[in-house]
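Asks: This structure is in structure tokens; I'll ask about it shortly.
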Amino acid sequence: MLDDLHDADVAIGVARKLAEAAARYQAPDNSDLIQAARMAVLDTVGCMIAGAQEEATIGVATLSHNLPGYCTIFGRGTTCSAPDAALINGTSAHALDFDDACTTVLGHTSAVLVPALISLAEAENLSGAALVDAFIVGVEVQDRLGRIFNPEHYAAGWHSTSTLCTLGAAAGCAHLLGLGAEGILGAISNGFSAAGGSKKQIGSPLKPIHAGLAARAAVEAALLARVGISGDEEPLAGVWGMLRQYGANPSAARVGQAMDNLQIGRALSDGVLQTKRFPSCAATHKTLDGVLRLRNMYNLDPACVALIETWVPADLAANLRYHHPATIGQARFSMAYCATRVLDTGGLQLGDFTTDALAQFGTPETLSKVRMFAVQNGDDPMGMPVRTRITLTSGEQFETTIVHTRGGAECPLGSDEIFEKFINCCVFSGCSQEEARAWGALITALPEADGTRKVMAGLRQSTPE
């Protein structure tokens, strides 16, 4: 019976096809693709630096093995082994929820992938070009898995950052190490055994640690594959495969569509990565774009606003369960807190998420101005439009619908905007504008670097204590 079910499984061969495509991938001539990878790495490194002193990052840094190695711990100016660096840097990349989100994975692609790849590249002193190639591979594998697994996997409560991103990052790491199709398949299967993490942890310090654990697991999965250790060749398929165990039930048509035109680089070119301009859960962003649009369009006085109403896809609204946040972590997943800060200030900054700011602005009176309604979502909750309405104390109403998030494929942030975000992240961590710009120049030049160790050594200089 098990064999019959296995033979009929729609996902048979999917992992191998992904591995073979990854192994065939060659360095791109497409300058736009390289530029997209360059900006994603810059954005993620900025988030690592900004999140280096957060509670979750400090916790994993304290408890990690701190084995000696060449790999930089961002924001600390020290080095350790590749797995430990991936754990610590992955946690810091996601600690402020300012890192990018993947619209198909419904998780945080670069917060897992970039720390894992940088740690391995630095350990082996591999080139920046090899790192960029591996990043493009990892994004593609994560995207294809997201299209197959979601929306059921995400709706079941799995934190895709901990699950699907682990497998994609393992594939990227194996490609970086030059393991070939069999080695990449082995790394994907090894990653399956380390994948796990529930959305139950949203709002707690453990949520960003999910990204760190996934990054470390990806590094270790690839290193195990390099010494010949790998798991089952069908990690996705069968009654005990990842699809069925982790709540996904795709049709053969959906799997076929997800695997159609399997060309590495397509996902990144198509813009599946949403670069954040607000340091809060991606589920808040279309509403925040809407509030900002109405505020600016009608020159609204925040003191005259009686009510903000917003209609959010159910799978995303479920993440925003802290109407009255008690901690900074919860505030990042509070539509009420984030929307009222945007209304009051015309933006949402890292400085809005401090204990003092939460005490001052997260009052019951302020939060009561916001009402969020969950609407039924289809197969693409991140792609659904979000309607937002503001009612004034006079009774006058203003309404808008945001179809495309600012920072997404249709309304991307420019390179200058991403660089400025990097500067702001570094300044938030305590360094000067001059230091931040020097660090930004190093990272943007990474794809052309012959070896990553020299670049990372430059980043460790003058790191704030």
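Asks: It is to be established whether one or more residues within the stretch 442-451 are closer than 21 Å to Leu292 by Cβ and open to solvent by less than 50 Å² (accessible area, probe 1.4 Å).
Replies: The initial filter retains those residues of the stretch 442-451 that are closer than 21 Å to Leu292 by Cβ, namely none.
Among the residues of the stretch 442-451, not one is closer than 21 Å to Leu292 by Cβ and open to solvent by less than 50 Å² (accessible area, probe 1.4 Å), which makes the answer no.
Asks: In addition: Could you tell me whether Gly290 is at pLDDT 95 or above, open to solvent by less than 60 Å² (accessible area, probe 1.4 Å) and not in a helix (DSSP H, G or I)? Spell out how you get there, then give the answer.
Replies: On the way: at pLDDT 95 or above: yes; open to solvent by less than 60 Å² (accessible area, probe 1.4 Å): yes; not in a helix (DSSP H, G or I): no.
No, not satisfied.
Asks: Hey, another quick one. Six or more apart or on different chains, Cβ under 8 Å: which pairs go from a residue in the stretch 256-275 that's farther than 13 Å from Val139 by Cα to one that's among the acidic types (Asp, Glu) and not in a loop (DSSP other than H, G, I, E, B)? Could you list them?
Replies: Listed pairs, sorted by first residue: Thr275/Asp43.
Asks: Inside the stretch 256-283, can you point out the residues that are over 24 Å from Asp32 (Cβ atoms), polar (S, T, N, Q) and not in a loop (DSSP other than H, G, I, E, B)?
Replies: Gln257
Asks: Can you tell me which residue in the stretch 242-257 is surrounded by the fewest Cβ atoms within 10 Å (Cβ to Cβ), limited to those that are within 15 Å of Ile12 (Cβ to Cβ) and of a type in the set (Gly, Ala, Ser)?
Replies: Within the stretch 242-257, the match that is surrounded by the fewest Cβ atoms within 10 Å (Cβ to Cβ) is Ser251.
Asks: Among the listed residues Asp97, Asp84, Asp32, which satisfies the condition of being crowded, with 23+ Cβ neighbours inside 10 Å, over 23 Å from Ala221 (Cα atoms) and touching a residue at least 12 places away in the same chain (Cβ under 8 Å)? I'd like the intermediate steps shown before the answer.
Replies: Working: Asp84 fails: over 23 Å from Ala221 (Cα atoms); Asp32 fails: crowded, with 23+ Cβ neighbours inside 10 Å.
When all the criteria are applied, what remains is Asp97.
Asks: Six or more apart or on different chains, Cβ under 6 Å: which pairs go from a residue in the stretch 346-361 that's closer than 21 Å to Leu300 by Cβ to one that's loosely packed, with under 13 Cβ neighbours inside 10 Å and small (Gly, Ala, Ser)? Could you list them?
Replies: So the pair list comes out empty.
Asks: Give the residue that is nearest to Ala86 (Cα to Cα), with candidates limited to residues of the stretch 157-183 that are open to solvent by 20 Å² or more (accessible area, probe 1.4 Å) and among the aliphatic types (A, V, I, L, M).
Replies: So, considering only residues that are open to solvent by 20 Å² or more (accessible area, probe 1.4 Å) and among the aliphatic types (A, V, I, L, M), the one nearest to Ala86 (Cα to Cα) is Leu177.
Asks: Have a look at Thr388, Thr405 and point out the one that is among the polar types (S, T, N, Q), open to solvent by less than 30 Å² (accessible area, probe 1.4 Å) and under 30 Å from Pro250 (Cβ atoms). Show your work before the answer.
Replies: On the way: Thr388 fails: under 30 Å from Pro250 (Cβ atoms).
Going through Thr388, Thr405 in turn, just one is among the polar types (S, T, N, Q), open to solvent by less than 30 Å² (accessible area, probe 1.4 Å) and under 30 Å from Pro250 (Cβ atoms): Thr405.
Asks: Within the stretch 111-126, identify whether any single residue is of a type outside the set (Gly, Ala, Ser), touching a helix residue (DSSP H, G or I) at 6+ places or on another chain (Cβ under 6 Å), within 24 Å of Gly256 (Cα to Cα) and open to solvent by less than 10 Å² (accessible area, probe 1.4 Å), and answer yes or no.
Replies: No.
Asks: Lys421: open to solvent by less than 60 Å² (accessible area, probe 1.4 Å) and of a type in the set (D, E, K, R), yes or no?
Replies: yes
Asks: Right, here's the next one. Restrict the check to the stretch 264-274 and report whether at least one residue is within 23 Å of the chain's Cα centre (by Cα), acidic (Asp, Glu) and surrounded by fewer than 24 Cβ atoms within 10 Å (Cβ to Cβ).
Replies: Within the stretch 264-274, one or more residues are within 23 Å of the chain's Cα centre (by Cα), acidic (Asp, Glu) and surrounded by fewer than 24 Cβ atoms within 10 Å (Cβ to Cβ).
Asks: Suppose we keep only residues that are of a type in the set (A, V, I, L, M) and over 20 Å from the mean Cα position of the chain (by Cα) within the stretch 59-81. Which one would you say is farthest from Ala211 (Cα to Cα)? Please lay out each step first, then the result.
Replies: Narrowing the stretch 59-81 to residues of a type in the set (A, V, I, L, M): 60-61, 63, 67, 73.
Next, only the ones that are over 20 Å from the mean Cα position of the chain (by Cα) stay: 61, 63, 67.
On the way: Ala61: 14, Leu63: 16, Leu67: 20 Å.
Applying the filter and picking the extreme gives Leu67.
Asks: Specify the residue that is nearest to His323 (Cα to Cα); the eligible residues are those in the stretch 381-407 that are assigned to a strand (DSSP E or B) and in contact with a Pro (Cβ under 9 Å, 6 or more places away or on another chain). Explain how you work it out, then say what you get.
Replies: Kept after step one, since they are assigned to a strand (DSSP E or B), are these residues of the stretch 381-407: 386-392, 397-402.
Next cut, in contact with a Pro (Cβ under 9 Å, 6 or more places away or on another chain) only: 386, 401-402.
Working: Val386: 18, Thr401: 22, Ile402: 22 Å.
Out of the qualifying residues, it is Val386.
Asks: Please give the number of the condition Leu224 fails out of (1) open to solvent by 20 Å² or more (accessible area, probe 1.4 Å); (2) in a loop (DSSP other than H, G, I, E, B).
Replies: Unmet condition: (2).
Asks: Here is a follow-up. Taking only the stretch 297-317 into account, find how many residues are free of Cβ contacts under 8 Å to residues at least 60 places away in the same chain and open to solvent by 20 Å² or more (accessible area, probe 1.4 Å). Reasoning before the result, please.
Replies: To start, the set of residues in the stretch 297-317 that are free of Cβ contacts under 8 Å to residues at least 60 places away in the same chain comprises 299, 301-303, 317.
Subset that is open to solvent by 20 Å² or more (accessible area, probe 1.4 Å): 299, 301-303.
Final tally of qualifying residues: 4.
Residue-wise test of (1) part of a loop (DSSP other than H, G, I, E, B); (2) open to solvent by 30 Å² or more (accessible area, probe 1.4 Å); (3) among the polar types (S, T, N, Q); (4) farther than 22 Å from Ala318 by Cβ.
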| position | (1), (2), (3), (4) |
| --- | --- |
| Arg341 | no, no, no, no |
| Gly347 | yes, no, no, yes |
| Ala374 | no, yes, no, no |
| Asp379 | yes, yes, no, no |
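Asks: Could you please let me know if Glu410 is touching a residue at least 24 places away in the same chain (Cβ under 8 Å), farther than 24 Å from Cys80 by Cα and not in a loop (DSSP other than H, G, I, E, B)?
Replies: Values: touching a residue at least 24 places away in the same chain (Cβ under 8 Å): yes; farther than 24 Å from Cys80 by Cα: yes; not in a loop (DSSP other than H, G, I, E, B): no.
For Glu410, the condition - touching a residue at least 24 places away in the same chain (Cβ under 8 Å), farther than 24 Å from Cys80 by Cα and not in a loop (DSSP other than H, G, I, E, B) - is not met.
Asks: For the stretch 227-241, how many residues are more than 27 Å from the chain's Cα centre (by Cα) and open to solvent by less than 10 Å² (accessible area, probe 1.4 Å)?
Replies: Counting residues in the stretch 227-241 that are more than 27 Å from the chain's Cα centre (by Cα) and open to solvent by less than 10 Å² (accessible area, probe 1.4 Å) gives 1.
Asks: Moving on to the next point. Quick one: which helices (runs of 4 or more DSSP H) sit completely within the stretch 87-197 and have at least 1 residues that are among the polar types (S, T, N, Q)? Spell out the reasoning first.
Replies: Numbers: elements: 109-124, 128-149, 152-155, 164-176, 180-194.
Of the helices (runs of 4 or more DSSP H) lying wholly inside the stretch 87-197, those with at least 1 residues that are among the polar types (S, T, N, Q) span 109-124, 128-149, 164-176, 180-194.
Asks: Taking the residues in the stretch 432-444 that are in contact (Cβ under 8 Å) with a residue 60 or more places away in the chain and of a type in the set (A, V, I, L, M, F, W, C) as candidates, determine which candidate is nearest to Ala130 (Cα to Cα). Steps first, answer last, please.
Replies: Taking the stretch 432-444 as the starting set, the residues that turn out to be in contact (Cβ under 8 Å) with a residue 60 or more places away in the chain are 439-440, 443-444.
After this cut, where a residue has to be of a type in the set (A, V, I, L, M, F, W, C) as well, the list is 439, 443.
On the way: Trp439: 20, Ile443: 14 Å.
Filtering first and then ranking leaves Ile443.
Asks: Quick one: how many residues across the stretch 391-402 are farther than 30 Å from Asp43 by Cα, open to solvent by less than 70 Å² (accessible area, probe 1.4 Å) and of a type in the set (Ser, Thr, Tyr)?
Replies: Here is the first cut: in the stretch 391-402, the residues farther than 30 Å from Asp43 by Cα are 391-399.
Keeping just the survivors that are open to solvent by less than 70 Å² (accessible area, probe 1.4 Å) gives 391-392, 395, 398.
Still in the list and also of a type in the set (Ser, Thr, Tyr): 391.
Here the count works out to 1.
Asks: What's the number of the condition Gly186 fails, among (1) farther than 30 Å from Gln53 by Cα; (2) free of Cβ contacts under 8 Å to residues at least 60 places away in the same chain; (3) surrounded by 21 or more Cβ atoms within 10 Å (Cβ to Cβ); (4) out of contact with any Ser or Thr (no Cβ under 6 Å at 6 or more places or on another chain)?
Replies: Among (1) farther than 30 Å from Gln53 by Cα; (2) free of Cβ contacts under 8 Å to residues at least 60 places away in the same chain; (3) surrounded by 21 or more Cβ atoms within 10 Å (Cβ to Cβ); (4) out of contact with any Ser or Thr (no Cβ under 6 Å at 6 or more places or on another chain), the lone unmet condition for Gly186 is (4).
The values are calculated or read from the model by the stated rules, or taken from the named source; none is laboratory data. Treat the numbers as computed from the prediction; the structure is a model and nothing was measured. Using ideal geometry, Cβ is built from the backbone for each residue, glycine included, and neighbour counts are taken over all protein chains shown. We work out accessible area using only protein heavy atoms, side chains counted, and drop any ligands, DNA or RNA first. Shrake-Rupley method; radii C 1.70, N 1.55, O 1.52, S 1.80 Å.
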